[in-house]
Amino acid sequence: MKRIYNDINLENRNSFGVVQYATTLVEFDTCEELKAIFEEMHPAKWYVLGAGNNTLFTKDYDGVLITPTCSKRTILEDDGENVCVRVEAAHDWDEFVAWSVESGLWGVENLSAIPSSVGAAPVQNIGAYGAEVKDAISVVEYFDTNKLEVVRLKCEECGFGYRESIFKHELRGVAIILAVEFNLHRTPSPNLGYGDVIKEVEARGGATLKNIREAICAIRGSKLPDPKELGNAGSFFKNPIVPKIVAERLLNEYPSMPCYAIANNDEVMKLAAGWLIDQSGLKGYREGHVGVHDRQALVLVNHGGATGGEVLHFAEFVCSVVRTKFGVEITPEVNIL
Ligand code: EPU
């Protein structure tokens, strides 16, 4: 059923926990309801607010926030090895991962414990521990708000890259994701190459789906703050991709700097924004209600009572310190409204 709220406080609808208001927020269950919203309201300004894990409101929102509430999960095909599952947008991401692990299905286990809804996952191509959601996606189904019709995009049409997709560019302000289809499989394919994952998995007795999920939940839990306890949006910044010559200059000066090659592109390299912020002396640094997390410098936290504007101001300060020390520009991963 469609629900409309006016002058609604967004404090419990964004993981930063900032208090801002929206003029209107509409929840919808079905595509027909969504179509009716556009036919009846003709919203000139709108934004999809899923679980609010990657959005920072810096002021009250004077348009229409649109929140999907559809969350069914349906197995479309199962040939004994490959399983195709359709999951609706409002399904909690980690509940989907937990279900796939309990069902013996491989493909998303490395993405355990990422705070997200399923519908938001393709937008920024969520990724962690050597995996990205694009590797498990077969189709993204969205509502085209210009044509008022449902469109299905194959994975290869989604423009996926590091924290990138077509939904952040050509389809920004056009597409509202309704469901995602995933290809999972029963043959084990452990992906343990990233950081401490192999060590944590072996400590639990080897590479089973359950052990991988437990290991990743433990690693994340040890570094990343729980938004229910400390407002945050995960990584606030993207890891910057810089020309190789810049990376080499920095490696000369800082030989222990983490630096990663990018597949199919040997002209650029990816640096670790968390390391750059940490080495700038800002890990655990706090100004008023906002700070850099003390166990993972990539994460900005609301220590309680911060406004979105304060978070933004603090983020700009962090960028300027990194720019001055390293000559590298770091940019937000979070959507800033
Ligand atoms: N590092 C530091 N100090 C810090 C943080 C990191 O020195 O405070 C160093 C680490 O020691 C390591 C390197 O920086 O050498 C990279 O750190 P880490 O492996 O913790 O990962 P990350 O690059 O900081 C990315 C994702 C995370 C994801 C992890 C694990 C981005 C922007 N972030 O973080 O994603 O969980 O890898 O795969 O790509 C998120 O998107 O919200 C998120 C948490």
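The values are calculated or read from the model by the stated rules, or taken from the named source; none is laboratory data. Fair warning: this is a prediction, and the values are worked out from it, not measured in the lab. In this analysis, Cβ positions are derived from the backbone assuming ideal geometry, glycine residues included, and neighbour counts consider all displayed protein chains. The area values use the complete protein model at the heavy-atom level, side chains included, leaving out ligands, DNA and RNA. Shrake-Rupley method; radii C 1.70, N 1.55, O 1.52, S 1.80 Å.
Taking each residue of region 52-71 that is at positive phi and looking for partners that are part of a loop (DSSP other than H, G, I, E, B) and within 16 Å of the ligand (Cβ to nearest atom) with beta-carbon atoms closer than 6 Å, six or more apart or interchain, yields Gly52/Asn14; Gly52/Ser15.
Only one entry in Ala233, Ala273, Ala315, Ala263 is open to solvent by 50 Å² or more (accessible area, probe 1.4 Å) and within 16 Å of the ligand (Cβ to nearest atom), namely Ala263.
Name the residue, out of Glu27, Glu33, that is under 28 Å from Gly234 (Cα atoms), of a type in the set (D, E, K, R) and modelled with pLDDT of 95 or more. Reasoning before the result, please.
On the way: Glu33 fails: under 28 Å from Gly234 (Cα atoms).
From the options Glu27, Glu33, the qualifying one is Glu27.
Of all residues in region 295-312, which are surrounded by fewer than 14 Cβ atoms within 10 Å (Cβ to Cβ) and more than 9 Å from the ligand (Cβ to nearest atom)? The answer is His303, Gly304, Gly305. In the set Ser112, Ser116, Ser103, only one residue is out of contact with any Gly (no Cβ under 7 Å at 6 or more places or on another chain), away from the ligand (no atom under 16 Å from the Cβ) and among the hydroxyl-bearing types (Ser, Thr, Tyr); that residue is Ser103.
Results for (1) within 12 Å of the ligand (Cβ to nearest atom); (2) within 20 Å of Leu49 (Cβ to Cβ), shown as yes or no for each residue.
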position: Trp99; (1), (2): no, no
position: Ala120; (1), (2): yes, yes
position: Ala128; (1), (2): yes, no
position: Arg152; (1), (2): no, no
position: Val180; (1), (2): no, yes
position: Ile212; (1), (2): no, no
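Condition check: polar (S, T, N, Q) and assigned to a helix (DSSP H, G or I). Does Asn252 satisfy that? Answer is yes for this residue.
Against the definition (away from the ligand (no atom under 16 Å from the Cβ), in a helix (DSSP H, G or I) and at pLDDT 95 or above), how does Ile245 come out, yes or no? So Ile245 fits the description; yes. Can you say whether Ile219 is buried (at least 18 other Cβ atoms within 10 Å of the Cβ), within 13 Å of the ligand (Cβ to nearest atom) and not basic (Lys, Arg), as far as the supplied structure shows? Taking the combined requirement at face value, the residue satisfies it. Every test in (1) in contact with a strand residue (DSSP E or B) (Cβ under 9 Å, 6 or more places away or on another chain); (2) assigned by TED's automatic domain parsing to the domain that holds Ile177; (3) modelled with pLDDT of 95 or more is passed by Pro115 save one, and that test is (3). For region 1-49, give me the residue count where each residue is among the acidic types (Asp, Glu), free of Cβ contacts under 8 Å to residues at least 24 places away in the same chain and in a loop (DSSP other than H, G, I, E, B). Total meeting the criteria: 0. Taking the criterion of being more than 21 Å from the chain's Cα centre (by Cα) and closer than 17 Å to Thr55 by Cβ, the residues of region 291-308 that qualify are Ala306, Thr307. Being within 12 Å of the ligand (Cβ to nearest atom) and on the phi > 0 side of the Ramachandran plot: is that true of Gly281 here? In short, yes.
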